[in-house]
Amino acid sequence: MILTNIKNLSLSELSDRLKALGFEGYRARQVKRWLYQKDVTLFDEMTNLGKEYRRILDEHFTISSLSIQEVQESSDGTRKYLITLPDEKAIEAVMIPTESRNTLCVSTQVGCAMGCGFCYTGTMGLARNLTIFEILDQVAVVRRDLKDKKKLTNLVFMGMGEPLVNTKNLYPALEILIDPECFAFSRHHITVSTVGIAPEIEKFGDKTPVKLAVSLHATTDEVRSRIMPINKKYPLKKLFESLKKMSLPKRNRITFEYVLLHGVNDSLDDARRLAKLLAPVPAKINLILFNEFPGAPYKRPPDEWVLKFQKILLDKGYVAVIRKSRGRDILGACGQLAIEKNAA
Ligand code: SF4
């Protein structure tokens with residue numbers, strides 16, 4: 001009999017499977033607490049379950065864990081993890097500390113098919129989607145590594161891959177991450193970032209209560225299609241139609257990520273167009289300073305220019321924050337560690 005990796009089940013699947021094995025209804029709650037809160041690696045450690053229950057679990061399931069292959073720590077405390085998957089492929093997760101929070105950047109795929117021109121991961125193409133277990137266990141292994149030194153407070157799905165093409169595994173994983181008896185993250189502290197998969201954006205608000213960010217990065221279809229090929233399939237008009245249709249809890253805003261590429265998308269006309277484009281949706285803007293990587297075809301604008309761009313947005317009443325690069329000494333190119341490992 002092939003055993004099931006118990007951490008690959010959604011919460012409803014876990015409950016159904018245990019019921020079918022003769023467990024009382026409340027047992028699923030006990031099991032999920034052991035798995036995700038207490039992070040046990042053996043069914044025998046589930047001490048409030050009788051011996052017979054533990055034997056049945058052992059007979060049908062395994063508890064797997066991912067392993068950290070390498071950690072690089074930057075001078076500013078950013079920790080970049082290279083994590084090995086069961087098939088020996090590798091992904092990255094990055095923990096970014098600030099004074100008030102510790103954020104983990106989580107991956108959803110090995111590689112990525114979206115091919116954004118400013119992204120190193122995009123250069124490797126897509127190998128495969130991550131499973132529910134592989135999404136969740138990035139959080140578990142980093143939490144274990146940090147122990148009591150630091151508590152993870154926030155998650156951003158901005159690592160390798162496009163989350164909204166792996167919704168089958170993303171949504172069950174998010175449910176476990178916000179469940180108070182599992183990882184217990186606040187839904188306000190989780191953000192899923194997408195390049196703009198319009199049909200999935202429409203459904204996003206009905207599938208999960210966590211926050212959405214859109215990688216926008218251009219204000220015209222001509223430029224956006226050049227740096228983000230997905231725009232040919234879902235151009236700006238379609239993208240904004242889907243955002244308007246998405247159900248959004250009151251007072252929630254959509255974050256728009258805008259990486260400033262000098263001479264490409266950072267003109268002052270771009271700033272004015274951006275303000276106009278975002279007017280129909282509740283928006284806030286993150287202006288990102290480009291991290292140059294080996295062979296990158298783009299440059300980062302001078303700081304004074306970034307401030308001019310920001311001022312136009314602030315004057316129009318937007319919240320527009322400049323995101324400093326963190327861990328520049330190790331984070332020069334997101335995806336670089338994993339790409340080197342996967343190519344080896
Ligand atoms: S920016 Fe995100 S969606 Fe675009 S290629 Fe990189 S990983 Fe994929």
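Applying both filters, DSSP loop and at most 15 other Cβ atoms within 10 Å, to the GluC sites (Glu not before Pro) of the stretch 53-125 gives 88, 99.
Dividing the Cα radius of gyration of the stretch 4-62 by its Kirkwood radius returns 0.89 for Rg/Rh. At q = 0.12, 0.13 Å⁻¹, what is the base-10 log of I(q)/I(0) for the stretch 116-226 according to the Debye formula with one equal point scatterer per Cα and no solvent? Please give it to two decimals. Log-scaled intensity ratios, in q order: -0.47, -0.55. At full extension, residue 184 and residue 41 could sit 49.5 nm farther apart than now, given 0.36 nm per residue minus the alpha carbon distance. Residue by residue, the stretch 159-169 carries 3J(HN,Hα) couplings of x, 5, x, 9, x, 7, 9, 10, 5, 4, 9 Hz when phi is fed to the Karplus relation 6.51 cos²θ - 1.76 cosθ + 1.60 (θ = phi - 60°); x denotes Gly or Pro. The alpha-carbon of residue 80 sits under 21 angstrom from the alpha-carbons of these lysines, leaving out residues fewer than 8 places away in its chain: 89, 147, 149, 150, 151, 324, 341. The residue list 169, 275, 188 was ranked by how far each Cα lies along the charge dipole of the chain toward its positive end, using unit charges on Cβ atoms, and 275 comes out on top. Between residue 220 and residue 71, the C-beta separation translates, for a Förster distance of 41 Å, into a calculated FRET efficiency of about 0.50.
In straight-distance terms, cross-link reach from residue 203 covers every one of the lysines whose alpha-carbon lies under 24 Å from its own, apart from those fewer than eight places away in the same chain; here that gives 168, 211, 232, 233, 237, 238, 244, 245, 250, 284. Hull volume per residue, based on the alpha-carbon atoms of the stretch 1-136 and their convex hull, is 157 Å³. When restricted to Cα atoms, the chain yields an Rg and a Dmax of 21.1, 69 Å, respectively. Taking the inverse of the mean 1/r over every pair of distinct Cα atoms in the stretch 67-132 gives a Kirkwood hydrodynamic radius of 13.1 Å.
All of the numbers you see were taken from the coordinates with simple rules; none came from a lab. From a predicted model like this one, the values you see are computed outputs, not experimental measurements. Methodologically, a virtual Cβ is constructed for each residue, glycine included, from the backbone with ideal geometry; neighbour enumeration extends over all protein chains shown.
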